[in-house]
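Everything on this sheet refers to the single structure shown next.
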Amino acid sequence: MDQQSAYAALAREDRVHTSLYTDPAIFDAEMDRIFANTWVWVAHASELPTPNSYKMSHVGLQPVVVTRDKESQLHVLLNRCRHRAASVCEQKRGRAQMFVCRYHGWSYDMTGRLRAVPYAAGYGTELNKEDYPLVSLRVETYAGLVFATMRDDIQPLAEYLGPARAWIDLFMKQGAGFGIKVAGEHRFRFPGNWKIQLENTTDAYHFPIVHRSFLTSLDEETEGQFDVLGQGGWIEDLGNGHSVMVMIPDLVDLEANLDAPIPERFQDLAAELAKTHAPQEVRRIVRAVGGTGFNINLFPNVACSMAFFRVLRPIAVNETEIAHMALGMAGGPEAANQARLRLHEHFQGPMGFGSPDDAEGWERVQRGAAAGDDLWILLNRGLAQGSNTGDVSAETGMRAAYRMWRRMMAQ
Amino acid sequence: MTAISLPSAMEFIWLEADLLDSHDYAAWLALWTATGHYIIPTERDAEDYAAVLNVVYDDQEMREARVKRLQSGLSMSASPAARTVRTVSRFRAMDGAAGVFVVRCAQHIVEYKYDRTRMLAADVLFWLVPAASGISLQRKVVTLINGDDALHGIGYLL
Ligand code: FES
Ligand SMILES: [Fe+2]
């Protein structure tokens, strides 16, 4: 069997082999065949708010800098000096007109162009600056989500996202007409494979079990709203490894049902907003403040998850970094944005009431995966319901992701 | 009520550390004023923590909910709980508002769970106010040395 078919055989329709979590050779192949071959999320446009702003990011294992140049164009540049490889940026985010390599002082502008080389006379005519820009990746955006790819010949981003775009549009309605901005991020690592986290975003099955201590911290009305298995939710395979999981059908379209009564937990906020906003405005903002009722899982590294972006970064076969990016209404009322921050802190992050329990669960998956020589990870929940949709607790979204995994690994 | 001195503040802070290491959360909750805030920032130099994202931004209600969660037995990151041993030192009295005694200090926590030992270092700022019982905690800001970088799931209090 050649290598491609060997990989394909490890990901069946209803199960994947445990070596997908544990084999370093498979991890290396994934970085090559998946992360270097598709659209990878690197930033949200609001993280680069002005000309000459930048943030550090990754495409697979490769460090990049996402920049907005003085003409407001976005660029994704490998964070590596063309002289002898030193990183040119070591600030997570900021503003600059130039990246100056601190080793021998080569300087690059925000488009990546090599502008100046100290003591250039030493090169005589050997060095043509045009030949050594920072390596630039292809960049495209959808609804403010910025993606990059190492490949110049793959389909445009819009086509790659396909039907996921309509769900992304619905997700962005939580800007309540103001637009979405990243309002801060929690980052944490867990000792486990990246696909454990990829699966989790489309795993409603664990929610009432793992998150019981979160649920019991809520008032009764909100606890009812987070009964994610009990509201007739569903999962859809959106193609190319993407999927959507609807947990709270009432919160699919945040511009609908504006006349519904304001939930108890947002009464104080509504009263505060009513001092400065018309009643219809108040309802629109309050309905958006808790986020949507669904998770969009975009293969391979980002999810639009209820009220935040979840970004995963593979580090090693058994190490993954997660960013949970809180979102706010750009230019929206401060009271509503602070409410969003507090809601995010309640569940997410290293000391949230939810994330540490997720992280513990994922770590235990990796620890357990050390046992057994030839055991499989089951993905067959809801299989009988059809291959493209299932009830909310079906493993349809995971099957969608692994179908794409198989397609890319076997190419 | 007597004024707070640096030695009495140190004694209070050591007591607080011991209560957290021994998971005596009910006694810990009783150290606080009703309006106090317990804060673990993600941004090192925020002017107003309420306006930015934090790891923890707890008023009294959230502190109580947090303790309830840690003790519920329903949270797999907290049961079994990691063992922790913390040392607090390098105390320095800082300028504060009238009636508030401000102390800055260093805190090292060593955490053990399963087969792993980890370390968390932080600068901690305490706002202490005189109370009938001696001293009450008005504000505690735990600025982790790596709070703006990737952390891990933490199933106890800092
Ligand atoms: S490595 Fe950057 S200037 Fe030499
Ligand atoms: Fe979860």
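The values are calculated or read from the model by the stated rules, or taken from the named source; none is laboratory data. Bear in mind the structure is a predicted one, so any value in this text is a computation, not a measurement. In this analysis, Cβ positions are derived from the backbone assuming ideal geometry, glycine residues included, and neighbour counts consider all displayed protein chains.
Is segment B:14-23 home to any residue that is out of contact with any Ser or Thr (no Cβ under 7 Å at 6 or more places or on another chain), within 14 Å of another protein chain (Cβ to nearest Cβ), among the hydroxyl-bearing types (Ser, Thr, Tyr) and within 17 Å of B:LEU157 (Cβ to Cβ)? Show your work before the answer.
Residues of segment B:14-23 out of contact with any Ser or Thr (no Cβ under 7 Å at 6 or more places or on another chain): B:14-20, B:22-23.
Narrowing the set further to residues that are within 14 Å of another protein chain (Cβ to nearest Cβ) leaves B:20.
Checking which are among the hydroxyl-bearing types (Ser, Thr, Tyr) leaves us with none.
No.
Contact list please: Cβ distance under 8 Å, first residue in segment A:72-97 and within 14 Å of chain B (Cβ to nearest Cβ) and among the basic types (Lys, Arg), second residue away from ligand 1 (no atom under 12 Å from the Cβ) and not in a loop (DSSP other than H, G, I, E, B), pairs at least six apart or on different chains.
As it stands, the answer is A:LYS92/A:LYS55; A:LYS92/A:MET56; A:ARG93/A:GLU47; A:ARG93/A:SER53; A:ARG93/A:TYR54; A:ARG93/A:LYS55; A:ARG93/A:MET56, since those pairs meet every condition given.
Within 11 Å of another protein chain (Cβ to nearest Cβ), among the β-branched types (Val, Ile, Thr) and over 29 Å from A:ARG313 (Cβ atoms): is that true of B:VAL67 in this structure?
Yes; evaluated as a whole, the condition is true for this residue.
Looking only at strands (runs of 3 or more DSSP E) that lie completely in segment A:295-356, which have at least 3 residues being within 16 Å of ligand 2 (Cβ to nearest atom) and within 10 Å of chain B (Cβ to nearest Cβ)?
Details: elements: A:302-305, A:308-316, A:319-329.
The qualifying strands (runs of 3 or more DSSP E) are A:319-329.
Quick one: in segment A:71-118, which of the residues that are farther than 14 Å from A:TYR132 by Cβ and of a type in the set (Val, Ile, Thr) is nearest to ligand 2 (Cβ to nearest atom)?
A:VAL76
Considering every residue within segment A:58-79, establish whether at least one is in a loop (DSSP other than H, G, I, E, B) and within 16 Å of ligand 1 (Cβ to nearest atom). Spell out how you get there, then give the answer.
Let us first name the residues in segment A:58-79 that are in a loop (DSSP other than H, G, I, E, B), namely A:60-61, A:69-73, A:79.
Keeping just the survivors that are within 16 Å of ligand 1 (Cβ to nearest atom) gives A:79.
Scanning segment A:58-79 turns up at least one residue that is in a loop (DSSP other than H, G, I, E, B) and within 16 Å of ligand 1 (Cβ to nearest atom).
Suppose we filter segment A:112-157 for residues that are within 24 Å of the chain's Cα centre (by Cα), aliphatic (A, V, I, L, M) and in a loop (DSSP other than H, G, I, E, B); how many remain?
Within segment A:112-157, the first condition is being within 24 Å of the chain's Cα centre (by Cα), and the residues that meet it are A:135-157.
This time we only want the ones that are aliphatic (A, V, I, L, M), so: A:135, A:137, A:139, A:143, A:145-146, A:148, A:150, A:154, A:157.
Subset that is in a loop (DSSP other than H, G, I, E, B): A:135, A:143, A:150, A:154.
Within segment A:112-157, residues that are within 24 Å of the chain's Cα centre (by Cα), aliphatic (A, V, I, L, M) and in a loop (DSSP other than H, G, I, E, B) number 4.
Considering only segment A:80-111, state which residues are within 16 Å of ligand 1 (Cβ to nearest atom) and part of a strand (DSSP E or B).
Scanning segment A:80-111 gives A:MET98, A:PHE99, A:VAL100, A:SER107, A:TYR108, A:ASP109.
Here is a check on your reading of the model: is A:GLU223 surrounded by fewer than 19 Cβ atoms within 10 Å (Cβ to Cβ), within 14 Å of chain B (Cβ to nearest Cβ) and over 15 Å from the mean Cα position of the chain (by Cα)? If you could, list the steps in order and put the result at the bottom.
Details: surrounded by fewer than 19 Cβ atoms within 10 Å (Cβ to Cβ): yes; within 14 Å of chain B (Cβ to nearest Cβ): yes; over 15 Å from the mean Cα position of the chain (by Cα): yes.
Spelling it out, A:GLU223 is indeed surrounded by fewer than 19 Cβ atoms within 10 Å (Cβ to Cβ), within 14 Å of chain B (Cβ to nearest Cβ) and over 15 Å from the mean Cα position of the chain (by Cα).
Does any residue in segment A:100-122 that is away from chain B (no Cβ under 14 Å) come within less than 7 Å, Cβ to Cβ, of a residue that is within 16 Å of ligand 2 (Cβ to nearest atom) and of a type in the set (A, V, I, L, M) six or more places away or on a different chain, and which pairs are these?
The qualifying pairs do not exist here.
Provide a single number: the residues in segment B:43-55 that are over 19 Å from A:GLU334 (Cα atoms) and crowded, with 22+ Cβ neighbours inside 10 Å. Break it down into steps so the answer makes sense when it comes.
First, the residues of segment B:43-55 that are over 19 Å from A:GLU334 (Cα atoms): B:44-45, B:55.
If we keep only those that are crowded, with 22+ Cβ neighbours inside 10 Å too, we end up with B:55.
Adding up the residues that qualify gives 1.
Which one of these does A:TYR119 not meet: (1) closer than 16 Å to A:ALA43 by Cβ; (2) out of contact with any strand residue (DSSP E or B) (no Cβ under 7 Å at 6 or more places or on another chain); (3) within 16 Å of ligand 1 (Cβ to nearest atom)?
(1)
Got a number for residues in segment A:136-164 being under 21 Å from A:GLU47 (Cβ atoms) and of a type in the set (D, E, K, R)?
The qualifying residues number 2.
When both residues are 6+ apart or on different chains and their Cβ atoms are under 9 Å apart, which pairs have a first residue that lies in segment A:264-277 and is assigned to a helix (DSSP H, G or I) and of a type in the set (Phe, Trp, Tyr), and a second that is loosely packed, with under 13 Cβ neighbours inside 10 Å and modelled with pLDDT of 95 or more?
none
Just checking, does segment B:29-42 include any residue being hydroxyl-bearing (Ser, Thr, Tyr), under 19 Å from B:VAL100 (Cβ atoms) and away from chain A (no Cβ under 14 Å)?
yes
Considering only residues of segment B:121-158 that are of a type in the set (Gly, Ala, Ser) and within 14 Å of chain A (Cβ to nearest Cβ), which is farthest from B:SER77 (Cα to Cα)? Reasoning before the result, please.
Looking only at segment B:121-158, we keep the residues that are of a type in the set (Gly, Ala, Ser), and these are B:121-122, B:131-134, B:136, B:147, B:150, B:153, B:155.
Narrowing the set further to residues that are within 14 Å of chain A (Cβ to nearest Cβ) leaves B:122, B:147, B:150, B:153, B:155.
Numbers: B:ALA122: 22, B:GLY147: 20, B:ALA150: 18, B:GLY153: 8, B:GLY155: 5 Å.
Applying the filter and picking the extreme gives B:ALA122.
Does A:GLU236 satisfy the criteria of being within 14 Å of ligand 2 (Cβ to nearest atom), more than 14 Å from chain B (Cβ to nearest Cβ) and within 26 Å of A:GLU159 (Cα to Cα)?
Numbers: within 14 Å of ligand 2 (Cβ to nearest atom): no; more than 14 Å from chain B (Cβ to nearest Cβ): yes; within 26 Å of A:GLU159 (Cα to Cα): yes.
The answer is no for A:GLU236.
Hey, any hits in segment B:113-120 for a residue that's within 14 Å of the chain's Cα centre (by Cα), crowded, with 19+ Cβ neighbours inside 10 Å, within 14 Å of another protein chain (Cβ to nearest Cβ) and not in a strand (DSSP E or B)?
Residues of segment B:113-120 that are within 14 Å of the chain's Cα centre (by Cα), as a first pass: B:120.
The next check asks that each one be crowded, with 19+ Cβ neighbours inside 10 Å; those that pass are B:120.
Going one step further and asking which of them are within 14 Å of another protein chain (Cβ to nearest Cβ), we end up with B:120.
This time we only want the ones that are not in a strand (DSSP E or B), so: none.
No: zero hits.
Yes/no matrix, rows are residues, columns are (1) of a type in the set (D, E, K, R); (2) under 24 Å from A:GLY184 (Cα atoms):
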position	(1), (2)
B:GLN60	no, yes
B:ARG63	yes, yes
B:ARG66	yes, yes
B:SER72	no, no
B:SER75	no, no
B:PRO80	no, no
B:ARG90	yes, no
B:ALA97	no, no
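Can you tell me how many residues within segment A:8-18 are small (Gly, Ala, Ser) and either touching a residue at least 24 places away in the same chain (Cβ under 8 Å) or surrounded by 15 or more Cβ atoms within 10 Å (Cβ to Cβ) (or both)?
Step one: of segment A:8-18, the residues small (Gly, Ala, Ser) are A:8-9, A:11.
Adding the requirement that they be either touching a residue at least 24 places away in the same chain (Cβ under 8 Å) or surrounded by 15 or more Cβ atoms within 10 Å (Cβ to Cβ) (or both) leaves A:8, A:11.
Final tally of qualifying residues: 2.
Among residues belonging to segment A:322-342 that are over 19 Å from the mean Cα position of the chain (by Cα) and not small (Gly, Ala, Ser), point out the one that is farthest from ligand 1 (Cβ to nearest atom).
Of the residues in segment A:322-342, the ones over 19 Å from the mean Cα position of the chain (by Cα) are A:330-339, A:342.
Checking the rest, the ones that are also not small (Gly, Ala, Ser) come to A:333-334, A:337-338, A:342.
Numbers: A:PRO333: 46, A:GLU334: 43, A:ASN337: 40, A:GLN338: 43, A:ARG342: 44 Å.
Among those residues, the one meeting the criterion is A:PRO333.
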